[in-house]
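The values are calculated or read from the model by the stated rules, or taken from the named source; none is laboratory data. Everything quoted here is computed from the prediction, not taken from an experiment. Counting neighbours? That spans all protein chains shown, and the Cβs are built from the backbone with ideal geometry, glycine included.
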């Protein structure tokens with residue numbers, strides 16, 4: 001879903017109109033709530049991706065990756081796992097005793113914030129409904145007693161969806177401890 005679709009879904013659940021003027025008046029607040037939900041879900045889901053970087057003088061510069069790195073999970077070259085450690089800063093990885101060249105970096109990342117109508121959250125599609133529940137819950141939590149009860153229900157739906165997430169979803173069942 002795009003940001004505009006997420007905003008429309010939240011406004012519908014809040015019993016507000018979805019015309020251009022209403023959408024514009026709620027845009028900043030609901031977008032902030034949706035981004036908060038995305039950050040929270042990212043901590044639970046721990047999305048990962050792999051990109052190629054060039055190893056130069058035994059160092060990899062993580063700033064050259066397309067997304068903000070939370071944690072490097074693995075380095076590989078031609079199906080061989082490479083040992084690594086952080087250098088002087090958290091933006092550099094040291095890779096000892098390996099020749100320079102391309103290395104596949106698997107890492108956890110922080111998705112980009114939603115800003116414009118066409119932005120799509122960098123989380124699986126099944127997470128988007130939970131983001132709407134969170135935004136609606138946040139808005140209703142600032143109301144009267146009846147609204148607070150409704151907010152509680154929205155947060156229960158959100159937390160139930162969060163509990164269903166597993167950081168290891170889709171990975172192999174066998175693990176090895178590396179970089180101890």
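Screening residue 49 on (1) out of contact with any strand residue (DSSP E or B) (no Cβ under 8 Å at 6 or more places or on another chain); (2) modelled with pLDDT under 95 shows it passes everything except condition (1). Condition test on residue 133, is it surrounded by 13 or more Cβ atoms within 10 Å (Cβ to Cβ), assigned to a helix (DSSP H, G or I), in the same structural domain as residue 36 (by TED's automatic domain parsing) and modelled with pLDDT under 90? No. Across segment 39-57, the number of residues qualifying as assigned to a loop (DSSP other than H, G, I, E, B) and surrounded by 15 or more Cβ atoms within 10 Å (Cβ to Cβ) comes to 2. Screening segment 78-93 for residues that are surrounded by fewer than 16 Cβ atoms within 10 Å (Cβ to Cβ) and part of a strand (DSSP E or B) and picking the one that is farthest from the chain's Cα centre (by Cα) gives 80.
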